[in-house]
Each structure stands twice: as C-alpha cells, then as structure tokens.
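Step one of this worksheet: look at the structure below.
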Amino acid sequence: ILQIQVVPLQGISCNKLSEIKGFKKENIYLENLNNIKDEVANCLKFARVLSSGVDIFVNDSFSNSHKVLASTVGVTRFCYACIAGFHFEEKLRLVKNLAEANKKPYVAIIGGGNLAEKAASFRFLASRCQCFVFVGMMSFQIMHALGVPVPIDLVDRKAFSEALDIVRRARDNNVQILYPKDFWCRNKNDPKQLHVFPSHGLLDGWVPIDLGPVSLDEIGSMLTNCKKIIWIGPVKFADRNEHTNGASKLAKILVQLSQGNCETTIVGTTACKLVRQETSSLSSINMVENASVVWEFLKGRKLPGVMAVDRAYPFEIKWDNIYSDGPTQSLVVDIGSGNGLFLLEMAKRRKDLNFLGLEMNEKLVLRCLDSIQQFGIKNGHFIATNATSTFRSIVSSYQGELVLVSIQ
C-alpha cells in the first residue's frame, strides 16, 4: 500500500544492529524480539539503537504492555513523542472497561490454574462482580476451601490460604461462587475409557478432563440474565487439552448471549480461538488474546508499556478561571512541586508570571490549593498528575509562553 521496501531481520543483537548498513533504517522489520537478551533486559544501548533516527514512536503491541522491554519502554527515552497505536488504544479501552461495574449482574468465568499468583486479581474482581464461575484447575482449590472433598493430587496446598481468602472475600461482598458439579473423567489405566462423575465423588484412578453436562447446564442457566461477562483462562483440567467439548459449548453460550443485551469479553488465546470457531461475526464480542496483560491489570499493577507512552491530561483545563489575568502571562512550571512552598513563595514575589505545580501526590496538591485560597494568590495553581506522561498535553493547552520548567 505504501510502496515502501521492508527488510525483515531475525536474531539481531545490539552490536549487529548498529553495524548494519545498506538500507533505510525506517524500513527494518525486526522479528521475534522476545528471543533477544537485550530486548527482555530493557538494555538502554539496544533501545538507543532501535530508536536511532526515530522522532515519533508508535506502540501498537498491547499484548506486551505488562513487560519492561527495550522496544516498548526503553525506546521512549530517546524519542520526541511516544504514542499508542489504534489497536493498542482499543485493547486498553476494553481492559479498562473490565474494571467498570456499570452493568449487573456482572459475572467472571475463570479458567486456568496458578491461583496463588492471581489472588490479588480476585480481590479486585470481588469488588466488581456478582458471581465467580470456576471452569479450570482453580476449581479444585476453591472446592477444597469450600469443604468439598477433592482428591489430594488435585489440591495445591500452597494455594490453600489464598483460596480461603477468595471464598471469604466473595462472601463478604455477596459474590456467588459456582464450581463444576460434575466432570468427564479419563481412566488412568485405560485412557479410552471415559465416564462422568459428580464433583463430590471423584474416584482414584480417574482424571478430570472436561466439564460435565450438569455443570454446563447450570452455567448456561445462571448466565441467562447476565448483563456483563468476562471469560478469562482456559477450560482445562489435565496436562493435555484434547477434550474441548465443554469449552466449545461455553463459547457457544457466550456467543448467543453477546448477540443480545450482554456485554461479553473473552480473554486468552484458547478462548478467543474457540469463539472464532463458533461465529464469523465478532462485532458483538470483545476479545483480548493475551491473558497475562489482563491478570496484571486486575491485580492493580501499572502496565509498563502503557505508562511509557505519552497520554493527554484527561480533563479540560479552564485557564481563564484559574489565573486572574488568564493564560496570557508567561508560565513557570514546577514538576514534583511537593508541599508547594517554593512555588507559593515565587507566586507572591512575581505577579508578572503565572506559576503551575505538577505533583503526583493528591493530598499534597489539595493542601497547596487550600494555601492558594488562604493567601489569595491569583497567579498560582496546582494539578495532581504524573507529569512524565501528561506534561506536554497540559503545557500545550496554555496560550501564554512557557519560560521556565523546574524539576524538584
């Protein structure tokens, strides 16, 4: 489309990349960067080489935003502007929406394992959802915490305290917990022999491999009146996942619900693949293929890839209402203004300048704004923000001249 020659490269290192000549740098296509040591170590030398000749960096790889990489985080130190691509912004919007309890009942369908690593995510979800539906290996940890008899080889003893905490938090927040009531099981001695067992009656010598018919009927019935659903993690109970009947039926249920009045988000490569097999029309379904990013977000952690890009200050700043002379006087900005004493004193002395303090600590900002009111200062103001990412958008909206920036 653009008629630009693109040169693909594999297995490139920091030193090799800087030595390559013979083609335009803006046409390099680097494959499999995750296999490069300098990439995963966020090597600044490698990042500098990657960004050489680059003015504007566009990150459209949301799936890697939970990692600190040279190609997504390190390069931002050497570029004039760092922005998110359309795909990145769309996926970020979908993930942020998962934190909104704007529609009820809101149900989280949870598959996969490693409950201990994801405990913080459940604490967050318990404050948003009305029901947890467990459909993966974590089911056994929750069942064990609820007092349901579970074969000892299916219990992760290291996760028992976290499972108890999840159950307690769910009860405290009136969150219903639904676990499989039956399983398709495979005979250890004769893998071709399959049988359905109730969850409270799993026998030795039989390995759970899939959701049973009663479980699927119960899940389908419970989801009927839901207004918002997230499915994250695979329906998987054994090391091998050749039995996907339960997952396919769950995907079909969710596709049908999404075509009605239910906001449905599918998270994870396996789940997204199954949904695509059930329908060719995906306009009514939200999909995020990388589950690790979502788990990190649900834990309340900052995503490095997101924090690295420039973002606009999310509120309109009405400068005419802030400064008595409006945004015409020259502006002095103090980044990391702290308790504001420096800025307040300067504002008292220099009436011919407007002063703006940018500080991440909201409590300090509130105190500074109180001081502005107390002393009747008309040429000073404070904003609670992370200046690293919002400085440009804030200052660019000011009509006067920026004459000085101080960093505390």
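Table for the structure above
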| item | result |
| --- | --- |
| Selection from region 259-274 of residues that are under 19 Å from residue 88 (Cβ atoms) and either aromatic (Phe, Trp, Tyr) or without any contact (Cβ under 8 Å) to a residue 60 or more places away in the chain (or both) | 266, 267, 269, 272 |
| Looking only at region 226-283, and only at residues there that are basic (Lys, Arg) and in a loop (DSSP other than H, G, I, E, B), the one that is modelled with the highest pLDDT | 227 |
| Answer from 70, 126, 145 - the residue that is under 26 Å from residue 211 (Cβ atoms) and either surrounded by fewer than 16 Cβ atoms within 10 Å (Cβ to Cβ) or under 21 Å from the mean Cα position of the chain (by Cα) (or both) | 126 |
| Residue among 176, 193 that is surrounded by fewer than 21 Cβ atoms within 10 Å (Cβ to Cβ) and within 21 Å of residue 253 (Cβ to Cβ) | 176 |
| Counted residues, region 391-405 - those being within 17 Å of residue 81 (Cβ to Cβ) and either in contact with a Phe, Trp or Tyr (Cβ under 6 Å, 6 or more places away or on another chain) or among the hydroxyl-bearing types (Ser, Thr, Tyr) (or both) | 4 |
| Residue within region 273-281 that is in contact with a helix residue (DSSP H, G or I) (Cβ under 8 Å, 6 or more places away or on another chain), buried (at least 17 other Cβ atoms within 10 Å of the Cβ) and under 24 Å from residue 202 (Cβ atoms) present | no |
| Scan of region 354-364 for residues that are surrounded by fewer than 21 Cβ atoms within 10 Å (Cβ to Cβ) and either at pLDDT 95 or above or part of a helix (DSSP H, G or I) (or both), ordered by number | 362, 363, 364 |
| Residue among 67, 104 that is in the same structural domain as residue 174 (by TED's automatic domain parsing) and assigned to a loop (DSSP other than H, G, I, E, B) | 104 |
| Residues (among the aliphatic types (A, V, I, L, M), under 20 Å from residue 80 (Cα atoms) and either crowded, with 21+ Cβ neighbours inside 10 Å or modelled with pLDDT under 90 (or both)) located in region 29-57 | 47, 49, 50, 54, 56 |
| Test set (1) surrounded by fewer than 20 Cβ atoms within 10 Å (Cβ to Cβ); (2) in the same structural domain as residue 196 (by TED's automatic domain parsing); (3) at pLDDT below 95 - residue 136 fails condition number | (1) |
| Failed criterion for residue 158 (all others in (1) part of a helix (DSSP H, G or I); (2) in contact with a Leu (Cβ under 8 Å, 6 or more places away or on another chain) hold) | (2) |
| Positions within region 386-404 being surrounded by 14 or more Cβ atoms within 10 Å (Cβ to Cβ) and touching a strand residue (DSSP E or B) at 6+ places or on another chain (Cβ under 6 Å), in sequence order | 387, 395, 398, 400 |
| Top-ranked residue in region 300-352 [being of a type in the set (Ser, Thr, Tyr) and surrounded by 13 or more Cβ atoms within 10 Å (Cβ to Cβ); ranked as nearest to residue 120 (Cα to Cα)] | 313 |
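Yes/no matrix, rows are residues, columns are (1) in the same structural domain as residue 143 (by TED's automatic domain parsing); (2) closer than 23 Å to residue 176 by Cα; (3) without any contact (Cβ under 8 Å) to a residue 24 or more places away in the chain; (4) touching an Asp or Glu at 6+ places or on another chain (Cβ under 8 Å):
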{"residue": "199", "(1), (2), (3), (4)": "yes, yes, no, yes"}
{"residue": "206", "(1), (2), (3), (4)": "yes, no, yes, no"}
{"residue": "218", "(1), (2), (3), (4)": "yes, yes, no, no"}
{"residue": "232", "(1), (2), (3), (4)": "yes, yes, no, no"}
{"residue": "244", "(1), (2), (3), (4)": "yes, no, no, yes"}
{"residue": "257", "(1), (2), (3), (4)": "yes, yes, no, no"}
{"residue": "276", "(1), (2), (3), (4)": "yes, no, yes, no"}
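The values are calculated or read from the model by the stated rules, or taken from the named source; none is laboratory data. Just so it is clear, the structure is predicted and the values come from calculations on it, not from any experiment. Don't worry about glycine lacking a Cβ; one is built from the backbone with ideal geometry, like all the others, and counts go over all protein chains shown.
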